Each structure stands twice: as structure tokens, then as C-alpha cells.
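Below: one structure, written as C-alpha cells.
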Amino acid sequence: MPINKNVTALALFSGGLDSILACRVVAEQGIIVKAIKFVTPFFDYDLLEHQEEYREKIWKKYRIDVIVKDITLPYLELLKNPPHGFGKHFNPCIDCKIMMISHAKKLMAEYGASFIITGEVIGQRPMSQRKDTLRVIERDSETDAILLRPLCAKSQSPTRAEVEGLIDREKLPDFSGRGRSRQIELVKQFGITNYPAPAGGCMLTDRNLSKRIKAVYQQGKEIQPDDIRFLLVGRQFILPHGGWLTLGRDQKENSQIEKLIRPGDISLKMTVRPGPIALLRYANHEDVKAAASLVVRFGKKVVNGSLEAEVKIVENTKERILEAAPMADKDFAEWVR
């Protein structure tokens, strides 16, 4: 029997199997669960464009009420100097979790929540889900008494919700380690057949993308959300005078790049030959010449035709044409990001 139908819990929802199960096992006890899906340009940012469709999909598949929240600005600030450092690449996993739980804590009054839940399982991830790390996350997010990890609660000290009888601790599972067999067994009991396979999800754990983002942070520029979206598409170059350049590798990326143009940016495209659309940001005019040569280098070659090509350059609606020759690979090797 449900303990208390008037109790609300706020859940961190990644969309992965563990977060789905955490929501469902708590809801199974008659508790209202409000799931919060935090997004940044590094993970699930596209959900901001179709939040209602996403909410409907998650409710239909899992019977979970999810709300999307954008935490991009504080996340970009966090990446400058995460107190607990980075993982293997540019991923601040411990501080990321602390930030999300801290934000959830601030939302508790708005949703009338009595406690917070996460899908963490002790021993499942080597950096952020060790027993000592879970304790650090509670301490630094100041949620010692209100943070419940229902999938491994029995290996943790009882929370206020358990002590006060808001949730029955004995009815919670006791998962641990990296294996998923028990999770899969439980999800079948809930009648859920279409659930996601384990995946990284965060671009900051990707070796190549994380190197690119780290390099830009090391330049000391004040990075904006649009800058991150810029960095995650196309062939990337940092030009000799500090300009950032991206070139589309196919039509899809060309379309994405066109949508990223903002005042002060410079776009480049060959006038006749097929090839990349390029976007140059934070540039001076010396970088424009180099950018035009790269556009020609990665454009379609003309058999028995001229190596040079006309490149249309657009800056703040003003257009001009520049004749450019393809740059030799050895000349831009150090610019690649």
C-alpha cells in the first residue's frame, strides 16, 4: 500500500535506465515524482526546442512527468575551475552532479517536494559513484538529509524521508556494482520494454570534442552558449590571429552552421563549386584570407580546372568576393582542433 499520496519527490532525470527506475520505484509507493531533466549544449540541448513533445514521449513510455531545465550559464562558469577537477577528459563529473543536485534543491519549494532522488548506484561509475564520492556529493550540495538514492539506499545511511516514514526503505532495491541484470529484471516488472542502452551522452567525455573545448577555455575568452554550439559542429580550426573557424562536412552541417551566424561573424562559401559553408568568429582580416583558402581546400575539385576559386564573404550583410587558392595541408596542420 502507498505510504503517503501527498508526498512529492524531485528526481534528477537523465533519461537512462537507472533514472527511469529510480523514478518508478519511488512512485510505486504512492509518492508524486517530478523529474527534472537538466540540459546544456554538452548534453540534450536540442530538447529545449521541443520540450512538450519530449514530456509527452517520456510520459507515454515510462509514466514519468519530466520538466526540462537549462543550466548552461552556470555550467560554463563551472568548467573554468571545477573544485573536484576533471575526469579522463574535460568532464567535471563530480561537480556536475553537485551542481544539478544543488539546483534541484532550489526548486524543491516551487514543486512542494520533500526530498530529492537520483538514479546513482554505488560502484557503477569509477569516478562519480564510489562510496566516498557519493558522500562528497551529499556534503557539497548540502543535501545530506534529503538526498535519497533509491536504487542503492540500503547501502547508505537512512535519509529523513526514510526515518520519517515518507517512504518504506525495505521496499527499495539494493543494487550495487556495474552489472545491469537486476535493473533489467526490475524494468521488465514495470512492463517497460523500450528503454535506452547504457551510453555516455555527455560530449565532455568524448576524447576529440573535449580536447577542442578545453583548448578554447585555455585561450581565456568569455565563452557564450552559442560558442559551444559552434565548437560542436564541422571541421574546426583556430587560426593564427585567434579566429575560430568551422567548415561544414556535409549538407546537414552546412545547414547547422548557417543557423549559428550571429552579428560580427563572417560566413564564407564558394560562389560556383560545391563545398563547405564556413563560419569565422572572433577574427581579424588576416584570418579571413586563411579561412577562404581552407574553404577552397575542402571544396569539390574540378577535373582539369583551376585550383583557385571565388569565395563569397559576408560580414554584417556586406558581401565581397575573394579569389583564393587551396591551402596546403602542411600549412594548416597546427590549426586543427
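The values are calculated or read from the model by the stated rules, or taken from the named source; none is laboratory data. Just so we're clear, the structure is a prediction, and the values are computed from it rather than from any experiment. Reconstructed Cβ throughout: ideal geometry from the backbone, glycine too, with neighbour counts over all protein chains shown.
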All but one of (1) over 31 Å from the mean Cα position of the chain (by Cα); (2) not in a strand (DSSP E or B) hold for Glu334; which doesn't?
(1)
Test: Asp18 is out of contact with any His (no Cβ under 6 Å at 6 or more places or on another chain), under 27 Å from Ile184 (Cβ atoms) and surrounded by fewer than 21 Cβ atoms within 10 Å (Cβ to Cβ):
no
Count, please, the residues in segment 48-72 that happen to be in contact with a strand residue (DSSP E or B) (Cβ under 8 Å, 6 or more places away or on another chain) and under 29 Å from Ala153 (Cβ atoms).
11
Filter result for Gly179 (more than 30 Å from Thr72 (Cα to Cα) and either of a type in the set (S, T, N, Q) or surrounded by 12 or more Cβ atoms within 10 Å (Cβ to Cβ) (or both))
yes
Looking at (1) modelled with pLDDT under 90; (2) touching a helix residue (DSSP H, G or I) at 6+ places or on another chain (Cβ under 9 Å); (3) in a helix (DSSP H, G or I), which one does Glu286 not meet, given that it meets all the others?
(2)
Mind checking whether some residue in segment 29-41 is within 30 Å of Tyr217 (Cα to Cα), in the same structural domain as Phe115 (by TED's automatic domain parsing) and in a loop (DSSP other than H, G, I, E, B)?
yes
Strands (runs of 3 or more DSSP E) fully within segment 187-276 counting 3 or more residues that are exposed (fewer than 14 other Cβ atoms within 10 Å of the Cβ) and free of Cβ contacts under 8 Å to residues at least 24 places away in the same chain
none
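So that you can scan it fast, the table gives a plain yes or no per residue for (1) in contact with a Cys (Cβ under 7 Å, 6 or more places away or on another chain); (2) surrounded by fewer than 20 Cβ atoms within 10 Å (Cβ to Cβ); (3) among the polar types (S, T, N, Q):
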position	(1), (2), (3)
Asn81	no, yes, yes
Leu107	no, yes, no
Arg139	no, yes, no
Pro150	no, no, no
If you go through segment 57-68 one residue at a time, how many are surrounded by 12 or more Cβ atoms within 10 Å (Cβ to Cβ) and assigned to a helix (DSSP H, G or I)?
5
